[in-house]
Amino acid sequence: MSREHLFEGDLHWTGQATEVDGRLHLARSYDLAFAGRQPLPGSSPAVFHGDERRHNPETLMVSSLMACHHLTYLALCERAGIRVAAYSDHGVGRLAISEGRMRMVDLLLRPQVRIADETQIESALALHAQAHANCFMSNSVNFQVRVEPSVTA
């Protein structure tokens, strides 16, 4: 298997320039497009003059980290023979000023997992640390990602 993989996409601005009270306003809406997939509507968060109904870079960052941990965890459970019956997560990313810049400063994941065999709870819980260590996305960011998992049967 190759050690390098490319992921290509396009961004198309769907907003327009308008005048509001004599001042220029550039709508923040855009669509993300990746070949063979539905477009993903985006904007900035409402606090930055965007459309809260659309995804924004901050929510996409949180979703990317949740999804990566989830998929890595499932792969590890599969290899370990742990049957996952249910999985959900609640992620919270914190955007703040750090080192003089507005940036994502930390992120907390709280995966809730239900497995089929109660004798595997301890093993299933331990796999979260391994999933975190192997998650491509958490290995790619420059802020702390914490994982507080729960596993039941």
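Figures for the structure shown
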item: Scope segment 34-59; condition surrounded by 15 or more Cβ atoms within 10 Å (Cβ to Cβ) and hydrophobic (A, V, I, L, M, F, W, C); matching residues; result: 40
item: Strands (runs of 3 or more DSSP E) wholly inside segment 103-153 containing at least 3 residues that are more than 22 Å from residue 61 (Cβ to Cβ), modelled with pLDDT under 95 and touching a Ser or Thr at 6+ places or on another chain (Cβ under 6 Å); result: none
item: Test result for residue 31, charged (D, E, K, R), surrounded by 11 or more Cβ atoms within 10 Å (Cβ to Cβ), in contact (Cβ under 8 Å) with a residue 12 or more places away in the chain and in a loop (DSSP other than H, G, I, E, B); result: no
item: Residue 60 vs. criteria at pLDDT 95 or above, part of a helix (DSSP H, G or I), among the aliphatic types (A, V, I, L, M) and within 30 Å of residue 25 (Cα to Cα); result: yes
item: Criterion: under 30 Å from residue 125 (Cβ atoms), without any contact (Cβ under 8 Å) to a residue 12 or more places away in the chain and of a type in the set (Asp, Glu) - qualifying residue of 58, 78, 99; result: 78
item: Yes/no for residue 10 being touching a strand residue (DSSP E or B) at 6+ places or on another chain (Cβ under 8 Å), among the charged types (D, E, K, R) and surrounded by fewer than 13 Cβ atoms within 10 Å (Cβ to Cβ); result: yes
item: Residues located in segment 96-136, provided they are of a type in the set (A, V, I, L, M, F, W, C), over 20 Å from residue 153 (Cβ atoms) and surrounded by fewer than 18 Cβ atoms within 10 Å (Cβ to Cβ); result: 96, 97, 102, 105, 108, 133, 136
item: Sole residue being out of contact with any Phe, Trp or Tyr (no Cβ under 8 Å at 6 or more places or on another chain), in a loop (DSSP other than H, G, I, E, B) and of a type outside the set (S, T, N, Q), chosen from 8, 52, 19; result: 52
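The values are calculated or read from the model by the stated rules, or taken from the named source; none is laboratory data. Here the structure is a predicted model, which is why all the values come from computation and not from measurement. Cβ atoms come from the backbone with ideal geometry, glycine included; neighbour counts cover every protein chain shown.
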